[in-house]
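Beneath this line is the structure, given in structure tokens, with notes to follow.
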Amino acid sequence: MLGLKLPTDPRWVNIVEKNIEEILTDHAYCEQKAASTAISLIVTHPEYSELVTAMTALAREEMGHFKMVHDRILERGLTLGRDRKDEYVLKLLTFFPKGGSRLTNLTHRLLYAALIEARSCERFRLLSENLEDKELAEFYRSLMVSEANHYTMFLNFARKYGDRKEVDQKWQNLLEFEAEIMKELGKKETMHG
């Protein structure tokens with residue numbers, strides 16, 4: 001359903017379990033960045049009313065998720081650590097060339113967002129099915145559905161605003177590029193890395 005070309009090695013969950021504090025901190029910042037992306041799309045593309053409405057709801061939802069993750073950090077007697085660079089996202093954002101029309105840039109941003117949400121959904125599924133900590137496993141199961149909805153929302157907006165055939169080809173090319181990135185990642189207790 002997600003279309004990912006390379007699944008995450010299930011052993012990634014073992015890495016995560018050895019340092020739950022790190023994954024929770026990374027996850028919290030991922031939610032915050034997702035909210036920031038939604039706000040940025042509103043600011044840069046206010047002429048797309050349907051997108052603005054959807055991104056307004058998404059920003060609220062993602063900050064709600066941030067709070068949920070932060071609450072779990074506090075419940076465990078931990079504190080939110082510092083944000084760190086997301087190698088996955090930094091590498092992913094090199095795929096599409098810079099420049100082009102506003103519409104092309106919007107389409108590219110929507111495709112990036114769709115893929116990040118798809119990978120998050122896949123990772124949440126792995127955590128929900130394999131974490132020993134049943135409370136956290138259930139937490140990730142509940143978030144998995146949201147991520148799947150976000151993935152399809154972003155992809156559908158890209159298809160709506162861009163040429164469908166061209167967008168679908170770019171999507172497939174981006175999925176292949178992402179699979180190459182994933183060959184190098186999956187060895188850290190980060191949500192995407």
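The values are calculated or read from the model by the stated rules, or taken from the named source; none is laboratory data. Quantities reported herein were computed from a predicted structural model and do not represent experimental measurements. When we count neighbours, we look across all protein chains shown, and the Cβ atoms used for this are built from the backbone with ideal geometry, even at glycine.
Miscellaneous remarks
- Some residue of segment 172-182 being part of a helix (DSSP H, G or I), surrounded by 14 or more Cβ atoms within 10 Å (Cβ to Cβ) and among the small types (Gly, Ala, Ser): no
- Matching residues in segment 3-19 - criterion: being crowded, with 19+ Cβ neighbours inside 10 Å and touching a Lys or Arg at 6+ places or on another chain (Cβ under 8 Å): Trp12
- Meets criteria (farther than 21 Å from Ile23 by Cβ, buried (at least 19 other Cβ atoms within 10 Å of the Cβ) and modelled with pLDDT of 95 or more) for Leu155: yes
- Check on Thr8, closer than 23 Å to Ala148 by Cα and either over 14 Å from the mean Cα position of the chain (by Cα) or polar (S, T, N, Q) (or both): yes
- Among the residues of segment 152-193, just one is among the hydroxyl-bearing types (Ser, Thr, Tyr) and within 22 Å of Lys67 (Cβ to Cβ), namely Thr190.
- Residues in segment 20-57 that are among the acidic types (Asp, Glu) and either exposed (fewer than 15 other Cβ atoms within 10 Å of the Cβ) or more than 15 Å from Glu117 (Cβ to Cβ) (or both): Glu21, Glu22, Asp26, Glu47, Glu50.
- Those residues of segment 99-147 which are assigned to a helix (DSSP H, G or I), among the polar types (S, T, N, Q) and surrounded by fewer than 15 Cβ atoms within 10 Å (Cβ to Cβ), in sequence order: Ser142
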